[in-house]
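Following: one structure in structure tokens, then a few remarks.
Readers should treat all values here as calculations from the given coordinates under stated rules, not as data from a laboratory. What you are looking at is a predicted structure, and each value in this text was computed from that prediction instead of being measured. Virtual Cβ from ideal backbone geometry, glycine too; neighbours counted across all protein chains shown.
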Amino acid sequence: MMKKAAVFVLFIAFGLLLSETTNANQHLPGEGVTVQPARATWNTGYFQEVLVRKGLEELGYSVKKPKELQ
């Protein structure tokens, strides 16, 4: 009996997890918004800017070419 209850709870938790993931994918907070990131000129600045740009694009933002900072 305890094993059946545990399996049932697991299925419910898995179903809730899937439904929340589906809802999150439908909402893009940056849809229709254009941003221009800034980038530092040292080596790690390029890597950080790429990570931020990709994240913003995944959220629906239109991302312009980055501005170089000195």
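Quick look at the numbers
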| item | result |
| --- | --- |
| Partners for residue 4 among lysines (Cα-Cα distance below 24 Å; same-chain residues under 8 apart left out) | none |
| Least to most buried among 4, 54 (fewest other Cβ within 10 Å first) | 4, 54 |
| Proximal lysines to residue 64, defined as alpha-carbon separation beneath 22 angstrom and excluding residues fewer than eight positions away on the same chain | 54 |
| Ranked list, fewest to most other Cβ atoms within 10 Å of each Cβ, for 46, 61 | 46, 61 |
| ³J(HN,Hα) computed for each position of the stretch 31-44 - Karplus, 6.51 cos²θ - 1.76 cosθ + 1.60, integer Hz, glycine/proline x | 4, x, 10, 10, 10, 10, x, 10, 9, 6, 8, 6, 3, 6 |
| Rounded if a/c under 1.5, otherwise prolate or oblate - the stretch 25-70, Cα gyration tensor axes | oblate |
